[in-house]
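Encoded as structure tokens, the structure appears first; notes follow it.
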Amino acid sequence: MSDKNTDLDKITQTVQYYFDGMYHSDTESLIKAFDPDAFLHGYFEGRLVHLPFNAWLKQVESRPAPSKSGEAYEMKIVSVDMTDNIALVKVFDLYMGKYFTDYLSLIKVEDNWVIMNKMFHHQ
């Protein structure tokens, strides 16, 4: 049986890697946050998008970092729902001038938590 507080800290750290990676266009942080086989799904500007992690990583890398454009750092965890070795984390973030709600599905692999899927919607 795992320690819930330790797991929650590790989940929070994984999400922080995600936030930092997005805000700074830091692919190394995103690689720490995601499983290499992860997928991203959601609606962007009215169309349904399905992307494997590596394709999305290339998109992030090609965009200017929000931190360099002066965009505010508005990223927060809204909720965490954890059952043993899986978790669903709802986050709210500002990215490239758009507000997003993301649902991050995480799984514990050995002693680390990684994002397996991201579902997103922007306002």
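Brief remarks on what is shown
- Pairs meeting the criteria (first residue in segment 14-25 and under 19 Å from residue 69 (Cβ atoms) and assigned to a helix (DSSP H, G or I), second residue of a type outside the set (D, E, K, R) and open to solvent by 20 Å² or more (accessible area, probe 1.4 Å), beta carbons under 6 Å, at least 6 apart or on different chains) are 19/75; 23/67; 23/73; 24/67.
- Extreme residue, nearest to residue 58 (Cα to Cα), among residues of segment 2-37 that are among the basic types (Lys, Arg) and modelled with pLDDT of 95 or more: 32
- Single residue of segment 60-96 satisfying the filter (in contact (Cβ under 8 Å) with a residue 60 or more places away in the chain and not in a strand (DSSP E or B)) that is farthest from the chain's Cα centre (by Cα): 84
- Of all residues in segment 72-107, those satisfying the criterion of being among the aliphatic types (A, V, I, L, M) and over 21 Å from residue 59 (Cα atoms) are 77, 78, 80, 82, 86, 87, 88, 89, 106, 107.
- Residue within segment 77-88 that is farther than 20 Å from residue 14 by Cα, open to solvent by 60 Å² or more (accessible area, probe 1.4 Å) and aliphatic (A, V, I, L, M) present: no
- Scanning segment 11-66 for residues that are of a type in the set (Gly, Ala, Ser) and crowded, with 17+ Cβ neighbours inside 10 Å returns 21, 25, 29, 33, 38, 42.
- Just so you know, in segment 106-117 the residues that are closer than 14 Å to residue 77 by Cβ and within 10 Å of the chain's Cα centre (by Cα) include one that is surrounded by the fewest Cβ atoms within 10 Å (Cβ to Cβ), and it is 115.
- Pairs where the first residue, in segment 42-58, is part of a strand (DSSP E or B) and the second is open to solvent by less than 90 Å² (accessible area, probe 1.4 Å) and β-branched (Val, Ile, Thr), C-beta under 9 Å, 6+ apart: 42/49; 43/49
The values are calculated or read from the model by the stated rules, or taken from the named source; none is laboratory data. Note that the coordinates shown come from a computational prediction; the quantities given were computed from them, not determined experimentally. Here Cβ is always computed from backbone atoms with ideal geometry, including for glycine, and neighbour counts include all displayed protein chains. Heavy atoms of the whole protein, side chains included, go into the accessibility calculation; ligands, DNA and RNA do not. Shrake-Rupley method; radii C 1.70, N 1.55, O 1.52, S 1.80 Å.
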